[in-house]
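Following: one structure in structure tokens, then a few remarks.
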Amino acid sequence: MFEILQYGFMRNAIMAAVLASIACGIIGVYVVVKKVTSLSGGISHASFGGIGLGYYLGVNPMYGLVPFSLLSAIAMGITSKRTKVAEDTAIGILWSLGMAIGIILIYLTPGYAPDLMTYLFGNILTVPLSDIYLMLALDAVIVFVVYAYYKEFMSLCFDEEFATVAGINVERLYLLLLCLIALTIVLLIKVVGIILIIALLTMPASLSSHYTKNLRKMMYISMFLGALFSITGLALSYTYDVPSGATIILVMSAVYLLHFVYHAVRPRIVRA
Amino acid sequence: MAEVIDLKDVWVSYGNTPVLEAVDLVVEDRDFLAIIGPNGGGKSTLLKVILGLIKPDRGSVRLLGDDPKKTRKYAGYVPQYISSNLDFPISVWEVVLMGCLGHKGPFRGYNEDDRKAAYEALKVVDMLDYRDRQIGELSGGQKQRVFIARSLVTRPRLLILDEPSTGIDSKRQREFYELLNRLKSEIAILLVTHDMSALSVYVDKVACLNRRLHYHNSKELSPKDLEAAYQCPVELIAHGVPHRVLKVH
């Protein structure tokens, strides 16, 4: 089993899994406690436009993704806060708009879009070293910003009105949080792909909330769970030669389901 | 020193619906004022105007002598908590420390002074033993005390409470009003409530709000005020002289 670690692609895959888990552990907790899951799903799908842009301009799609996902995050935040459009409507519109832009741009690009499926469903076994460096840089940004604004983010998620009265610019801080979610999505794309991201973002965080009532500890636990699930999924996908992104999500969902059933059934067994 | 709150001729409407009309209100140091009124009478809107969260269509608003946007972080604010984010992973201690937020910036964690202030505030509301509990584990009354502690950490000149007795049983309510009674020797308190029972005993001044504010800088309201505010005759029984809201009639 361990000889596979000699392969460069496998070492990259494991590094990618760990780097993804760091961002996913921190930001996933905010997504869960602030209850912005569908908004995050929206940003994730809308950022498909960025992949199309990358192909169209002939650059690494990851470089199209970063600005495009940030832009969709800000657009969603502003539309839902400042206009009379209901938040879920705004999410739905921008979700499809981003994807539509992506599809048109890919169509307009001459030739075949080589690893389109990788971006949609992830393939952690094909992460090149250049993407690892990008992931490292994004992790650094995320950790730095969360370190700087930890207490501000906490007040934003717990009690927006109080934060406003305390002099925090709540709207700007909210947009900053959405931008961090966007960067996390970019980081996770190679691991599970646009379509499956939302599970990776929410499941470890949601599981961690069963084990602690401390925000910081939740982040550590969900980082650990994210890494554990991704590496387990990676090993299974390599062994059985099935798509890695989907395998990771299946491992995670299976654990989540078992956990849920266990906690639903146990009280009855204990009573009986 | 300037008035704690000074509203002059404040008008607010949502679209075409008038919510506040010609409201004048002055609150001075160590006042204990309750604002009562029917649901939809504009109570929450008035608090938002005082805190600069809503800009009135007309009129002037001063909080602690200046624009509320600048000064609101020096006022203690206790929002209404009916269905707040109870699952939130935060301890009582962290909630109270949050009170120092307005006087911090990014990168600056809470320091020894903040922790000392949080400790003192929890002692004042008698919740020190609960500081490691998660906020959702507390009863309604205990939560309310914690939120008051949060607003006290910065030693404000004014405490603003929105429907503070919601979800608290009557025994706890008495303790709660006694806590406010202790606090009022040092700071001004403005509370908005529909709970008339506690008013007569603890509050110094009462105003009644239903779009217009009926207020005589005292705790007495005439039946006419109440009728105008509630738009129907209100029967009030004044318990035990000398604590009465209504004049002898």
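The values are calculated or read from the model by the stated rules, or taken from the named source; none is laboratory data. Not measured: the values here are computed from a predicted model. Ideal geometry is used to build each Cβ from the backbone, glycine not excepted, and the neighbour counts take in all protein chains shown. The area values use the complete protein model at the heavy-atom level, side chains included, leaving out ligands, DNA and RNA. Shrake-Rupley method; radii C 1.70, N 1.55, O 1.52, S 1.80 Å.
B:R131 fulfils the conditions (1) more than 12 Å from chain A (Cβ to nearest Cβ); (2) without any contact (Cβ under 8 Å) to a residue 24 or more places away in the chain; (3) open to solvent by 80 Å² or more (accessible area, probe 1.4 Å) except for a single criterion, (2). If you go through region B:27-44 and keep only what is within 25 Å of A:A166 (Cβ to Cβ) and either more than 16 Å from the chain's Cα centre (by Cα) or away from chain A (no Cβ under 14 Å) (or both), you end up with B:V27, B:E28, B:D29, B:R30, B:D31, B:F32, B:L33, B:A34, B:I35, B:G42, B:K43. As for region A:55-65, it holds at least one residue that is open to solvent by 60 Å² or more (accessible area, probe 1.4 Å) and within 17 Å of A:C179 (Cα to Cα). Among A:Y107, A:Y133, A:Y147, which is hydroxyl-bearing (S, T, Y), out of contact with any Leu (no Cβ under 8 Å at 6 or more places or on another chain), free of Cβ contacts under 8 Å to residues at least 40 places away in the same chain and within 14 Å of chain B (Cβ to nearest Cβ)? Every option except A:Y147 fails the conditions.
In region B:155-167 there is at least one residue matching the filter, namely being in a loop (DSSP other than H, G, I, E, B), open to solvent by less than 50 Å² (accessible area, probe 1.4 Å) and under 17 Å from B:C100 (Cβ atoms).
How many residues does region B:69-93 contain that are more than 9 Å from chain A (Cβ to nearest Cβ) and assigned to a helix (DSSP H, G or I)? Total meeting the criteria: 4. Candidates in region B:33-52 are the residues that are touching a residue at least 12 places away in the same chain (Cβ under 8 Å) and over 15 Å from B:Y77 (Cα atoms); of these, the one that is most open to solvent (accessible area, probe 1.4 Å) is B:N39.
How many residues are surrounded by 21 or more Cβ atoms within 10 Å (Cβ to Cβ) and free of Cβ contacts under 8 Å to residues at least 60 places away in the same chain when one looks only at region A:226-235?
Qualifying residue count for the region: 2.
Residue count for region B:94-120 satisfying the condition of being more than 10 Å from every other protein chain (Cβ to nearest Cβ), of a type in the set (S, T, Y) and not in a helix (DSSP H, G or I): 0. Taking the conditions exactly as written (more than 12 Å from chain B (Cβ to nearest Cβ) and surrounded by 18 or more Cβ atoms within 10 Å (Cβ to Cβ)), does A:L97 satisfy them or not? No: the conditions fail for A:L97.
B:I54 meets the conditions (1) over 16 Å from the mean Cα position of the chain (by Cα); (2) within 14 Å of chain A (Cβ to nearest Cβ); (3) closer than 24 Å to B:H194 by Cβ; (4) not in a loop (DSSP other than H, G, I, E, B) in every case but one. The failed one is (4).
From the list A:V261, A:V242, A:V251, the one residue that fits, being in contact with a Phe, Trp or Tyr (Cβ under 7 Å, 6 or more places away or on another chain) and free of Cβ contacts under 8 Å to residues at least 60 places away in the same chain, is A:V251. Exactly one residue out of B:Y81, B:Y119 is modelled with pLDDT of 90 or more, among the aromatic types (F, W, Y) and either crowded, with 18+ Cβ neighbours inside 10 Å or closer than 27 Å to B:K143 by Cα (or both): that is B:Y119. Go through region A:200-222 residue by residue and tally those that are surrounded by 23 or more Cβ atoms within 10 Å (Cβ to Cβ) and more than 14 Å from chain B (Cβ to nearest Cβ). Going through region A:200-222 one residue at a time, the tally reaches 4. Inspect region B:86-94 for any residue being free of Cβ contacts under 8 Å to residues at least 60 places away in the same chain, touching a Ser or Thr at 6+ places or on another chain (Cβ under 7 Å) and open to solvent by 40 Å² or more (accessible area, probe 1.4 Å) and give the result as yes or no. No; the residues of region B:86-94 include none that is free of Cβ contacts under 8 Å to residues at least 60 places away in the same chain, touching a Ser or Thr at 6+ places or on another chain (Cβ under 7 Å) and open to solvent by 40 Å² or more (accessible area, probe 1.4 Å). Inside region A:111-131, residues that are open to solvent by 10 Å² or more (accessible area, probe 1.4 Å) and assigned to a helix (DSSP H, G or I) make up a count of 9.
The number of residues in region B:16-51 being part of a loop (DSSP other than H, G, I, E, B) and polar (S, T, N, Q) comes to 2.
Of note, B:R30 does not satisfy the criterion of being open to solvent by 70 Å² or more (accessible area, probe 1.4 Å), of a type in the set (K, R) and touching a Phe, Trp or Tyr at 6+ places or on another chain (Cβ under 6 Å). What is the residue count in region B:134-148 for residues that are within 14 Å of chain A (Cβ to nearest Cβ), open to solvent by 30 Å² or more (accessible area, probe 1.4 Å) and not in a helix (DSSP H, G or I)? Within region B:134-148, residues that are within 14 Å of chain A (Cβ to nearest Cβ), open to solvent by 30 Å² or more (accessible area, probe 1.4 Å) and not in a helix (DSSP H, G or I) number 0.
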